[in-house]
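The values are calculated or read from the model by the stated rules, or taken from the named source; none is laboratory data. None of the values given here were measured: they were computed from a predicted structure. Heads up, the Cβs are rebuilt from the backbone with ideal geometry, glycines too, and the neighbour counts pull from every protein chain shown.
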Amino acid sequence: MIRIPHERSPQMKGIRQLAEHLDISIGTVSRALNGKADVNEETRKRVLAAAEEFGYVANQSGRSLRQGTTNVIGLMIESSKETVENSDNFFLGVTDGLQSVFSRHNLDLVMLPCPSDEDPYEYLKRMVARRVVDAMIISATQRIDKRIDLLVKAKIPFVALGRSSSGGNFTWIDLDFEGVATCAVDRLVSKGHRRIAIAAPSSEINLGYVFVDAYRKALEKHGIVYDPELVIRVKSSEQGGYRAGDELLQIKDRPTAIILIYELMAIGLYRRLVEAGIVPGRDLAVIGFREEPRARFLQPTLTCFRISLPDLGAALAETLLAGMPVYSEIYHDNAHSRIWPLKLVPAESDAFLMQPEA
């Protein structure tokens, strides 16, 4: 067998030319091109500028084969007709933050949309078997989520957007659903409301359990008896909001307020209330979940909660990298789970005060 000397390969030749041009070592050039943290930032900029000037493009596939890595991070999301029709800017904002961190290390982010007619566990198992990514971010965590156990067993670095009872000790970031429920109930009770409904997810997603439990505790704190009839379980969509409004209208002792767990529900809810001649903010207090561009056009304006999605995405990325050996030293301060806060934005949809009972 005739062995071609390593330095004669196009890849090595390109790196050698850059090193000679910049008068620095081949190793430094290679580490700069690979986004390694031990390279001075000024040196990295010089190397990248020279590579662009010389038209040098790294052979990523060859490098990945040699290193046993892909330099790709996967973001698994649910894909269905409902999510497409009711898509909002949540994951667009989150991916913006993810990319801001991954780009520092020349890591690519790919979306892994799981079809609605496929078991998320089976879908992820196939992705794991193919080794298409080096690490994973999973969302829409279930109360019992076999995906987490799979990733733990496969020893693939991951972070979850959401908590779960599965997996033991894994890192996650979850929105402060307890804080939202507590704040919303406290606000409504202070305005005289006692019959407070919530629209919760009809699926097994864990945030629904967290939210309902926090709602129950917030009611008990004010001496209000929890009524299961006031927990309206619907799909997390505009259509779900419409259905929630329909079910609310059928309750004999009708609630005077409702708290929503998904932002787009407000659009459907408003539509159903208008059809019934009920004015939000005057006849029924409404508190939405997260600020959403389309919901800003609702009248009366919607009381809801604010969150920075790019900041959330950046935190997810840094938490994930903290669990990857190559980057753990840089991001060791992020190697822990946390609750992500939301801030109440008061508006008109819950503005009226209940009159005390005679």
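Remarks
- Of residues in the range 176-202 being within 22 Å of the chain's Cα centre (by Cα) and free of Cβ contacts under 8 Å to residues at least 60 places away in the same chain, the one surrounded by the most Cβ atoms within 10 Å (Cβ to Cβ): Thr182
- Count of residues meeting criterion [under 14 Å from the mean Cα position of the chain (by Cα) and either of a type in the set (Val, Ile, Thr) or crowded, with 20+ Cβ neighbours inside 10 Å (or both)] in the range 281-311: 2
- Within the range 271-279, none of the residues are of a type in the set (Asp, Glu) and either surrounded by 16 or more Cβ atoms within 10 Å (Cβ to Cβ) or in contact (Cβ under 8 Å) with a residue 60 or more places away in the chain (or both).
- Filtering the range 214-265 to residues that are of a type in the set (Gly, Ala, Ser) and over 21 Å from Gly192 (Cβ atoms) leaves Ala214, Ser236, Ser237, Gly240, Gly241, Ala244, Gly245.
- Within this structure, Asp96 passes the test of being within 14 Å of the chain's Cα centre (by Cα) and modelled with pLDDT of 90 or more.
- Among residues of the range 11-45, those that are of a type in the set (D, E, K, R), within 37 Å of the chain's Cα centre (by Cα) and surrounded by 13 or more Cβ atoms within 10 Å (Cβ to Cβ), counted: 3
- For the range 172-228, the set of residues classified as acidic (Asp, Glu) and at pLDDT below 95 consists of Glu204 only.
- Whichever residue in the range 327-344 is surrounded by 14 or more Cβ atoms within 10 Å (Cβ to Cβ) and without any contact (Cβ under 8 Å) to a residue 60 or more places away in the chain and, among such residues, is nearest to Val159 (Cα to Cα): Asn334
- Residues of the range 136-181 that are among the polar types (S, T, N, Q) and part of a strand (DSSP E or B): Ser139, Gln142.
- Filter pass, Ala347 being aliphatic (A, V, I, L, M) and without any contact (Cβ under 8 Å) to a residue 60 or more places away in the chain: yes
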